[in-house]
1. When you have a sec, figure out the Kirkwood radius of segment 1-79 from all distinct Cα pair distances and drop it here in Å to one decimal?
2. Among the lysines, which fall within straight-line cross-link reach of K3, defined as a Cα-Cα distance under 29 Å, with same-chain neighbours fewer than 8 residues apart omitted?
3. Can you tell me the dipole magnitude for segment 1-79 around its Cα centre, using point charges on the Cβ only (Lys, Arg +1; Asp, Glu -1), in Debye to the nearest 20?
4. Tell me the mean residue ellipticity at 222 nm calculated for the chain from its helices only (DSSP H runs of n ≥ 4, each -39500 (n - 2.57), averaged over every residue, nearest 500).
5. For a quick check: sort S121, S135, S93 by the number of other beta carbons within 10 angstrom, fewest at the front.
6. Once you treat every alpha carbon in the chain as an equal point and sum by Debye, what is log10 I(q)/I(0) at q = 0.11 Å⁻¹?
7. Could you please rank Y259, Y234, placing first whichever residue has the fewest other Cβ atoms within 10 Å of its Cβ?
8. Of F218, F150, F252, which is the most mobile in a GNM of the chain whose springs link Cα atoms less than 10 angstrom apart?
Amino acid sequence: MIKKIEEYLDQLKKELSGSDPALVQDALSDAEEHFRTALDEALERPPELSEADILQAQIEKYGTPPEIASAYKEIESRIVPTFAITKPLSPRSFQAKFFGVIKEARNWGALLYIFLSALTSLLFFMWVLLGGTFSLFSLVLIIGIPVTGFFLLSLRGIALLEGLIVEALLGVRMPRKPIFIRKGLNWRQKYKALATESYTWKAFAYLIVHFPLAWLHFMIMFVMIGFSIKSVFYPVWYWGLGRSLINIGQPFYPPAWSYPMVVLAGVLLFFAALHLAGLMGKIHGKFAKFMLVRKQV
């Protein structure tokens, strides 16, 4: 018989052993929220029951750890991120792999993420910088405690939002539910939970590091795709506007006989950019999963 909520969560964690860490986080968060809320409500009204009795009654309604684990695994098998790779690609020639990238939605999702994250990472970084600085200096005043608590809580909210964007565009399973914080805790306990848990500070570090990484990826893609488009349309660009192909110290005008090769190089560069975007997205997805998924001890 399970007598404590912690025992239920431990058993559920064991049942979900080997599952995606983000799935485990969501399942544990849902279960803890359900049982903590039910327990708090039951203890407020008569007749007075023990925690074990209340928990047992709730388990009969909610489900045992094996049942809940099985249900989550079943749901997980049906709900797959849009750009996730669900089956290994069949062997293909180099040409098929290189040019076939244009048909792979995952690479387009990664490219969209790279351009979108240039904006989101800037907004997140500004909030972390301004909010963190204000929170730090406000600690000398009594108002600094709630301000800092709100800032730390906001980091978790931003981390959840960023995780949802990563899952939607990079196909990496990320947490879909916020980490549960008990309502019955006093402000000191809630503050301690926010300030001492490594997850909060990993989210803080991610939002700091993500900004320069996002802009580095953005600039690489911007230059590659921009130069690719310019090369493809260079004959029109030159005949219509008389502009050079590149200008490094002095303008460079390729001879007219080389225009077909310039156009071909532009096309090949675009395909190469898509491959690189996919690689960047894959690496960043692993980084986001490591930083924004709570480690279950």
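Since every read-out is calculated from the coordinates, none of them should be taken as a lab result. Note that this is a predicted model, so its numbers are computed, not measured. Heads up, the Cβs are rebuilt from the backbone with ideal geometry, glycines too, and the neighbour counts pull from every protein chain shown.
1. Working: mean 1/r = 0.0766 Å⁻¹.
This gives a value of 13.1 Å.
2. Filter leaves K13, K14, K61, K73, K177, K183, K190, K192, K295.
3. Working: 9 positive and 19 negative charges, 43 e Å.
Rounded to the nearest 20 debye, it is 200 debye.
4. Details: 11 runs with 216 residues, N = 297.
The helix contribution divided over the chain gives -25000 deg cm²/dmol.
5. Values: S121 22, S135 19, S93 9.
Final ranking by Cβ density, sparse to dense: S93, S135, S121.
6. For the chain, the Cα-only Debye profile gives -0.83.
7. Details: Y259 16, Y234 21.
So the residues, fewest neighbours to most, are Y259, Y234.
8. Fluctuation is largest for F252.
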